[in-house]
Amino acid sequence: MFPFIINRFTLQSGLVKSVLEVTNQPRETTDDIVASLRDVLKMNGIDIQYITPIGADNTNTNFGHNHSVFSLIKSEVSNLFKGNCYCHILNSSVKISHHLLLVDIESSLSQLYCHFSSSSKRVAELKEYFEFVEEDYLCLLQHIEIRWLTLYISIARLLKVYDPSSAYFLNMDIEDEAKFLFDIQTKNLELQRYGTSIADLHRIITSLLKKLNDRLEQKYFGQQTRILLNAMPEDVHEKLISSFVKYLGSIIQYIHKYYDEHSLLAESVAIFGITEIDQIKFDQIAKCVAILNLAVDHDKLFEEIISLQNTYKEVNSYRESLFVQIEKYVGGHEIKKQMVNEVFEELDDEELVNKILTQAQNHQDSCHKIRPDQLWTFLIIKITTHCDETTKLISYVYSISCSNAFTEDVFSHMKHLWTNSRNSMLSETVAAELKIRLNCNEFFYICSK
């Protein structure tokens, strides 16, 4: 099953992500995917020239230089942008760097999980260690290589049960990795938010790179790591520090490999990722238009931006908060969030789950944070004059994704639909239910009741 997703900007809800179609794609070759894409666009009455980016996993099939989905569509749509998935990029940056550590953390976790999961006798013996140290038994968590968020929580769980499981695991330097892995984990979760777009990419990636570079320059890998290193022989100390430096440097280099290609675009559209739109200068808008290669009337666009900024100042002075005004306009519905919680379904460690999710949300989701796309749609509707040029620009910007998370969410829903009791369902039936679940939230809620 192969889902086709569309990102679009509407004057009712701001950024909206919808399932266009879910098709059978047994081979998933470049030509098959492009042919299916053409069929889906034709079925929905969408001209292929209206495509702004192609967003997908960072595979050769999708983004290879010679014969890929992107290159074939680019040959027809000259102004096409790459929508690389930065959730995959952050995950891969960690994955490809493991060999630089003295201990391969990923392999060790997999071996540990297999060691205990394959034998109930071993589990029973492990439980005795828990009883000895007077701790409640917690099972080790499986790390699945193709999933973005399992590595950090697997390491966190191992560290939590380190004492009782130390008879099976002797490599204490695993904790060194967890410190900056949490920074990467947090940014990965931020990229998966429903309202995240290319306008947020510059802020997310540059802030992550700064954190990682600060650690690298000062060779700081956490206080506990420093204590352990100081207690080791000098030669071991130097080897570990060298491996940590290489590991972190490799992660930074890998992120740069992809981000540098998009940095000019990401930096120029970052003005649409802030809510203080009265601070935006028209020169910044003009630069963004030039990079996107959009045909707009600059005189009209200037007048519209000034009018929108004046409206912003006016509505921001009202007694009722701007967040409440926007929420009422959008419909008062709870802001959609990407279902990253699905990753933590198997966790029974409430403290760990709360730590990860709380840090990832960074207090902003619970503090009435205004989504920039919804602010723009609210202001455009608020003023009496037409804002055709601004709407054209805004629609283009917010259609460019920086994460494949919504598509992965479709697969999560698909997994729950195709249960053992429903394994005879036709693929067309599954596709129809997925579209209802994800495109018609209110209707699905009523039907499910």
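Taken over the range 33-62, the criterion of being part of a helix (DSSP H, G or I), touching a strand residue (DSSP E or B) at 6+ places or on another chain (Cβ under 9 Å) and over 24 Å from E261 (Cβ atoms) is satisfied by S36, D39, V40, L41, M43. Would you say Y312 is farther than 24 Å from I400 by Cα, in contact with a helix residue (DSSP H, G or I) (Cβ under 6 Å, 6 or more places away or on another chain) and not assigned by TED's automatic domain parsing to the domain that holds I205? Answer is yes for this residue. Looking at this structure, is L191 aliphatic (A, V, I, L, M) and over 13 Å from the mean Cα position of the chain (by Cα)? Criteria not met by L191. Considering the range 262-293, the residues that are under 27 Å from the mean Cα position of the chain (by Cα) and part of a loop (DSSP other than H, G, I, E, B) include one that is nearest to S399 (Cα to Cα), namely N293.
Out of curiosity, is N7 outside the structural domain of C387 (by TED's automatic domain parsing) and in a loop (DSSP other than H, G, I, E, B)? Answer is no for this residue. Q223 satisfies every condition listed in (1) in contact with a Gly (Cβ under 9 Å, 6 or more places away or on another chain); (2) surrounded by fewer than 14 Cβ atoms within 10 Å (Cβ to Cβ) except (1). A single member of H237, H202 is surrounded by 13 or more Cβ atoms within 10 Å (Cβ to Cβ) and touching a residue at least 24 places away in the same chain (Cβ under 8 Å), and it is H202. For the range 386-409, check the following and say yes or no: at least one residue is under 17 Å from E303 (Cα atoms), outside any helix (DSSP H, G or I), at pLDDT below 90 and polar (S, T, N, Q). Within the range 386-409, not a single residue is under 17 Å from E303 (Cα atoms), outside any helix (DSSP H, G or I), at pLDDT below 90 and polar (S, T, N, Q).
Has the range 63-78 got at least one residue that is touching a residue at least 40 places away in the same chain (Cβ under 8 Å) and part of a helix (DSSP H, G or I)? Checked the range 63-78: at least one residue is touching a residue at least 40 places away in the same chain (Cβ under 8 Å) and part of a helix (DSSP H, G or I).
The values are calculated or read from the model by the stated rules, or taken from the named source; none is laboratory data. The model shown is predicted, which means the values in this text are computed figures rather than measured ones. We place every Cβ from the backbone using ideal geometry, glycine too, and count neighbours over all the protein chains shown.
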